[in-house]
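A.B. asks: The structure is given below, and queries will be raised subsequently.
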Amino acid sequence: MQFSKLPQHLFHLWIIIPRWAKVLGALCLACIYSISFYLLFVAPTGFRWRGIYGDPNYPTGYTIHGIDVSRYQGTINWNRLRNAMIERSPIRFVFIKSTEGDSHLDATFRDNFYNAKESGFIRGVYHFWSNNSSPNRQAYFFLAMVKLESGDLPPVLDVESKPNNISTKEFQQNILTWLRIVEQKYHVKPIIYTYYKFKDQYLSDSRFDEYPYWIAHYYVDQMGYQGAWKFWQHTDAGKLPGIKGYVDLDIYNGSFYSLQRMLIP
């Protein structure tokens, strides 16, 4: 029964509160609501809402654009994609997923590998590292499935996780084994793809400094990684004609001439 008097007490309390205190309280509540809404809903997805395709403000200062594709993009309409523009510039390069571990071939690799070159793109190919098989088996599986040609980008190793049951030193040695086997085949330094925090945490050994980097860092205007890098995967929410759904967008850190100098001779 005492609870029935609560609204009446609150009403009298509201009457005696000074007007300035009411205004201040309302402003505080509005600020709390706005900050909470931003943190919960806008910040995690804000960059996804930006007009990635054709948006001249994201990111700025780069003119060599590309994408990377796998089975997740489904069947690509390459005739439409070849005419796509990003920031009023044509797509120059396409990275294509080929293999994963020591036995998995991406279902769309062969079609994408052929069509990328036929459509006039510079093509690259990446292997997705698995912690469940040896570096030797993975390297030789990649070499058996992928036949890069003159004019292609160097092979790429996509490494995103370290197993808990081995040391960082052993993990680094495994990665170096894959890189060196593949380098012996193509006589070019493979590209390492990873995200910038993983690079700093697990690939900071100076032996990795000789390899070009493709760094993933999403929804920011500036690259967070402070070291040298060649490619930046800046979003996984790009939209382009010829591709249903989202696609990763990338930029090259340099001129078109320097990109051409990277290619397999």
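A.B. asks: Please go through the stretch 218-265 and give me each residue that is among the small types (G, A, S), free of Cβ contacts under 8 Å to residues at least 60 places away in the same chain and under 30 Å from S150 (Cβ atoms), ordered by number.
C.D. replies: The answer is G227, A228, S258.
A.B. asks: Which of the residues belonging to the stretch 134-150 are of a type in the set (A, V, I, L, M, F, W, C) and in a loop (DSSP other than H, G, I, E, B)?
C.D. replies: The answer is V146, L148.
Residue-wise test of (1) more than 26 Å from G242 (Cα to Cα); (2) touching a Cys at 6+ places or on another chain (Cβ under 9 Å); (3) among the small types (G, A, S).
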| position | (1), (2), (3) |
| --- | --- |
| I122 | no, no, no |
| W129 | yes, no, no |
| S134 | yes, no, yes |
| F142 | yes, no, no |
| K147 | no, no, no |
| S150 | yes, no, yes |
| V156 | no, no, no |
| E160 | yes, no, no |
| I166 | yes, no, no |
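A.B. asks: Kindly indicate whether Q226 is assigned to a helix (DSSP H, G or I) and surrounded by fewer than 16 Cβ atoms within 10 Å (Cβ to Cβ).
C.D. replies: It is false that Q226 is assigned to a helix (DSSP H, G or I) and surrounded by fewer than 16 Cβ atoms within 10 Å (Cβ to Cβ).
A.B. asks: Name the residues in the stretch 93-116 that are in contact with a Gly (Cβ under 8 Å, 6 or more places away or on another chain) and not aliphatic (A, V, I, L, M), would you?
C.D. replies: Of everything in the stretch 93-116, those that are in contact with a Gly (Cβ under 8 Å, 6 or more places away or on another chain) and not aliphatic (A, V, I, L, M) turn out to be F93, F95, T108.
A.B. asks: When the residues of the stretch 153-184 are filtered to those that are surrounded by fewer than 17 Cβ atoms within 10 Å (Cβ to Cβ) and not in a helix (DSSP H, G or I), which remaining residue is nearest to the chain's Cα centre (by Cα)?
C.D. replies: Across the stretch 153-184, the extreme among qualifying residues is E160.
A.B. asks: Conditions first: (1) modelled with pLDDT of 95 or more; (2) surrounded by 15 or more Cβ atoms within 10 Å (Cβ to Cβ). H187 passes all but one, so which condition is the exception?
C.D. replies: Going through the list (1) modelled with pLDDT of 95 or more; (2) surrounded by 15 or more Cβ atoms within 10 Å (Cβ to Cβ), H187 breaks only (2).
A.B. asks: Which one is farthest from I64 (Cα to Cα), of the residues in the stretch 102-133 that are assigned to a strand (DSSP E or B) and either at pLDDT below 95 or of a type in the set (A, V, I, L, M, F, W, C) (or both)?
C.D. replies: Across the stretch 102-133, the extreme among qualifying residues is L105.
A.B. asks: Quick check on this structure: which one of Y219, Y202, Y211 is surrounded by 14 or more Cβ atoms within 10 Å (Cβ to Cβ) and on the phi > 0 side of the Ramachandran plot?
C.D. replies: When all the criteria are applied, what remains is Y219.
A.B. asks: List, please: which pairs have Cβ atoms under 6 Å, are six or more places apart or on different chains, and start with a residue in the stretch 117-146 that is assigned by TED's automatic domain parsing to the domain that holds N164 and end with one that is modelled with pLDDT under 95 and among the basic types (K, R)?
C.D. replies: Sorted first by the residue in the stretch 117-146, then by its partner, the list stays empty.
The values are calculated or read from the model by the stated rules, or taken from the named source; none is laboratory data. All figures in this text were calculated on a predicted structure; none of them were measured in a lab. Positions of Cβ are backbone-derived with ideal geometry, glycine not excepted, and every protein chain shown enters the neighbour counts.
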